[in-house]
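Student: Take a look at the following structure, please.
Each reported figure results from applying straightforward, stated rules to the coordinates on display, with no laboratory input. Computed from a prediction, not measured in an experiment: that's the story for all the values here. Here the Cβ is made from the backbone with ideal geometry for all residues, glycine too, and neighbour counts use every protein chain on show.
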Amino acid sequence: MNCDQIKGYWMKIKGKVQQQWGEMNKLMKMTVAFITFVFIIVAPNSYSQSAVQRMDDAETRADRLEEKADQIREADEAAKEAVEKRRENQADQMEDRADQLRESVEDEADRIEDRADKIRDGS
C-alpha cells in the first residue's frame, strides 16, 4: 500500500463519517424540532386541561366546605335551641318548687294560726 492508496481510504472514511455526521446532525435537528413542538403545542394544552381539572376540584372542595359550614350553622342553631329549652324547663321546675314551698309554708302558717286560736279560746 502506498501513500496515495492510504490517502484514498482516508478520504473515503472521512467522507462516510461526514455523511453519517450530517445524517446524525439532521436527526438531532429533527429531534430538537419534535421536542420543541411537544413543548409548544402539547404542553400548554395539557396544562390547560390540568388547570381546568384543578379548578373543578377546587370548586368541588369549595362546595363541600360550604355544605360543612351550613351543617355547622344548623347544628349551632339546634344546640342554641336545646340550651334555651333546657333553661326554660329548669326555670319552670324552680317556679314549681317555689309554688310548692309557698303552699307548704301557707299550710304550716294556717296550722300555727289554728293552734293560736285554740290557745286563745282555751280549748
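Student: Name the residue farthest towards the positive end of the dipole of the chain from the options Cys3, Phe34, Ile112, assuming +1 on Cβ of Lys and Arg, -1 on Cβ of Asp and Glu, about the Cα centre.
Tutor: Result: Cys3.
Student: In debye, nearest 20, what is the charge dipole magnitude of the chain about its Cα centre with +1 on Lys and Arg Cβ and -1 on Asp and Glu Cβ, if you could check?
Tutor: The dipole magnitude comes to about 3260 debye.
Student: Once the Cα atoms of helix 43-121 and of the chain are each reduced to a long axis, what angle between those two axes, in degrees from 0 to 90 to the nearest 10, is obtained?
Tutor: Compared with the principal axis, the helix lies near 10 degrees.
Student: Give me the one-decimal nm value for the distance between modelled label points at Ile40 and Arg97, 7 Å along each residue's Cα-to-Cβ direction.
Tutor: Between Ile40 and Arg97, the label points sit 8.8 nm apart.
Student: Candidates (1) -0.98, -1.12, -1.21; (2) -0.54, -0.71, -1.10; (3) -0.94, -1.00, -1.12; which is the computed log10 I(q)/I(0) by the Debye sum over Cα atoms at q = 0.14, 0.16, 0.20 Å⁻¹?
Tutor: Calculated log10 I(q)/I(0) by the Debye sum over Cα atoms at q = 0.14, 0.16, 0.20 Å⁻¹: the matching label is (3).
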